[in-house]
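Visitor: Just passing along the structure, written as C-alpha cells.
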Amino acid sequence: MKLILASASPRRRELMEMLCPGKLEIVPAVGEECADPALPPDALVKALSRQKAAEVAARCAGADDVVIGADTVVALDGKILGKPRDAADARAMLRALSGRSHEVYTGVTVLRGDACLVHAERTGVRFRALTDGEIDRYIATGEPMDKAGAYGAQGYASLFVEHLDGDFFNVMGLPLCALGKLLKQLGVSLL
C-alpha cells in the first residue's frame, strides 16, 4: 500500500510528513480545477478535493493505495477568497479580514480502491484590526501570495489571529483529526 498526497501544497506536505515520515508519495493533481463557484464553501471544497484525489488515483494508484486530496478556501460574509492574484488583491483581502471573523473550509477526500470518503471541515477565525503598514509589511514577506485568503496562520499572520474556533490544522490546509478518522474508516492508521 502506498499513501499518496494529491497536492502541491508545501503546508500539506509538511503536515503529512510530520505524521508519516518517509512513507508518503507526493503526486500533485495537474488538471484544471472546475466546480460550480455558486456552491456553498463546504460543498465547493468537497467537490474540488474529490476531483484532485480522483485524478491522481486514475493516473498512478493501485487498488490498495490510499490517495488523499484536499482543497481549502477562506469565506468572508459568504464570499470565497481564493489565492491572491497580486499584491493589490492580497491587500484588499487582508483589509477585508481586518478586525473581523471569517471561516476557513477544507475539503478532504480519501480514496482506497472503490471506497471514497469525503469530508468538509470548518474553522472560524477572527483577525485583530490591522494597520495599512502592517498589511504592507506582511505582503512584502511574500507569505500571502500562495495562500487562500492571502494569509498563513502558521507564519507571520499568526500575529493577526485573535481567536480560532475549530481545528488549527484546517486553517493550514489539512484538518488532521478529520483526516485520521477518514483513514481509520479505510483501515489505515498513522500511529
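Visitor: Got a sec? Which of ARG100, ARG128 is open to solvent by 30 Å² or more (accessible area, probe 1.4 Å), more than 14 Å from GLY78 (Cα to Cα) and of a type outside the set (A, V, I, L, M)? Walk me through it before giving the result.
Guide: Values: ARG100 fails: more than 14 Å from GLY78 (Cα to Cα).
That would be ARG128, the only listed residue that is open to solvent by 30 Å² or more (accessible area, probe 1.4 Å), more than 14 Å from GLY78 (Cα to Cα) and of a type outside the set (A, V, I, L, M).
Visitor: Sticking with this one: Quick one: would you say ASP136 is acidic (Asp, Glu) and open to solvent by 20 Å² or more (accessible area, probe 1.4 Å)? Let's see the steps before the verdict.
Guide: Details: acidic (Asp, Glu): yes; open to solvent by 20 Å² or more (accessible area, probe 1.4 Å): yes.
When the stated conditions are applied, ASP136 passes them.
Visitor: Checking LEU159 against (1) at pLDDT 95 or above; (2) surrounded by fewer than 23 Cβ atoms within 10 Å (Cβ to Cβ); (3) within 20 Å of SER7 (Cβ to Cβ), which single condition isn't satisfied?
Guide: That leaves (3) as the condition not met.
Visitor: Take the residues in the range 162-191 that are under 15 Å from the mean Cα position of the chain (by Cα) and open to solvent by less than 10 Å² (accessible area, probe 1.4 Å), then tell me which one is farthest from PHE127 (Cα to Cα). Reasoning before the result, please.
Guide: Step one: list which residues in the range 162-191 are under 15 Å from the mean Cα position of the chain (by Cα), which gives 166-179.
Applying the additional criterion that residues be open to solvent by less than 10 Å² (accessible area, probe 1.4 Å) yields 170, 173-175, 179.
Numbers: ASN170: 16, GLY173: 18, LEU174: 20, PRO175: 20, LEU179: 26 Å.
By that ranking, first place goes to LEU179.
Visitor: Against the definition (aliphatic (A, V, I, L, M), at pLDDT below 95 and over 15 Å from LEU183 (Cα atoms)), how does ALA38 come out, yes or no?
Guide: Details: aliphatic (A, V, I, L, M): yes; at pLDDT below 95: yes; over 15 Å from LEU183 (Cα atoms): yes.
In short, yes.
The values are calculated or read from the model by the stated rules, or taken from the named source; none is laboratory data. All values derive from a computational prediction rather than experimental measurement. Please note: Cβ atoms are built from the backbone with ideal geometry, for glycine as well, and neighbour counts cover all protein chains shown. Just so you know, the surface numbers come from the protein's heavy atoms only, side chains and all, with ligands and any DNA or RNA stripped out. Shrake-Rupley method; radii C 1.70, N 1.55, O 1.52, S 1.80 Å.
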